[in-house]
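Following: one structure in structure tokens, then a few remarks.
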Amino acid sequence: MEASCLSFSTKLKTVIDALPSEGVDVADIRDVFGQEGLMLLTAFLTIPFMIPVSIPGASTVFGAVILLIGFSRISGRNLWLPKRIGQRRIPTDKLRTCLHQGLAFFDRLEQLACPCRLKWFVSNGFPNTLNNLSLVAGAILLMAPFGLIPFSNTLPALALLFLAIGSLQQEGLCVLIGHLANFLTIAYFAFLIGGGSLLVHGLFEYLSRVPA
């Protein structure tokens with residue numbers, strides 16, 4: 001079967017199985033996909049966050065890479081990685097385990113996608129610019145310091161995954177779901193910040209009433 005006929009999940013499995021055993025640099029992951037596969041790389045980087053427990057610190061590093069992918073798509077330039085991010089080494093055993101577990105979700109999502117559905121939402125011009133901006137927003141949300149809170153990485157990763165698959169398969173409905181997931185993430189983070197502020201305020205009020 002020709003490489004161009006392979007499904008996205010099959011291509012991702014091939015990359016996962018080819019990861020070196022001693023560890024992999026972020027720059028090496030980028031080089032495997034090349035400049036033409038930036039959205040496929042985006043989908044790949046979201047997979048570890050489809051399971052309840054992800055690799056510690058991965059959301060910051062992977063989110064930064066996706067952020068740069070978003071900027072490169074907006075500017076029309078090749079993807080550039082700062083040396084500090086590019087040389088960040090990820091343990092292969094942990095990465096491969098997370099990716100294989102997350103691929104089950106990716107397989108199901110790929111089966112639901114219908115190429116060219118609502119194609120206007122993935123067309124050039126304003127829709128494409130809006131989608132790239134949403135990609136940047138999702139990456140920033142993925143990097144937010146809420147990693148220990150349930151769904152704080154999963155929600156923005158879902159947004160990025162839907163945006164990536166929508167772009168890869170020209171699937172407008174997937175793109176719309178990606179935008180919605182971004183809005184849900186923002187609402188969830190606002191709830192966390194607002195709830196935390198009320199909790200701290202109430203604690204200070206309680207302490208102020210306690211006799212010295």
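Just a few scattered comments:
- The value of relative contact order for the stretch 98-161, using C-alpha pairs under 8 Å at least six residues apart, is 20 percent.
- Placing a label point 7 Å from the Cα of Asp107 along the Cα-to-Cβ direction, none of the residues of the stretch 25-48 has a backbone N under 15 Å of that point.
- For the pair Phe191 and Ser75, the difference between a 0.36 nm per residue extended length and the Cα-Cα distance amounts to 38.4 nm.
- Charge tally for Asp25 (other residues, Cβ to Cβ under 10 Å; Lys, Arg +1; Asp, Glu -1): +1.
- Under 16 Å from the Cα of Lys94 - lysines, other chains or at least 8 residues apart: Lys13
- Remark: spin-label model distance Phe151-Val32 equals 3.1 nm, labels positioned 7 Å along the Cα→Cβ axis.
- A simple count of charges around Asp107, restricted to other residues whose Cβ falls under 14 Å of its Cβ and scoring Lys, Arg +1 and Asp, Glu -1, yields +2.
- Cα shape, the stretch 88-197, gyration tensor, a/c 1.5 rule: oblate
- Full extension of the chain segment joining Glu22 with Asn124 gains 32.6 nm, where the gain is 0.36 nm per residue of separation less the Cα-Cα distance.
FYI, it's all coordinate maths here, none of it is from the lab. Computed from a predicted structure; not experimentally measured. Cβ sites come from the backbone with ideal geometry, for glycine too, and all protein chains shown count toward neighbours.
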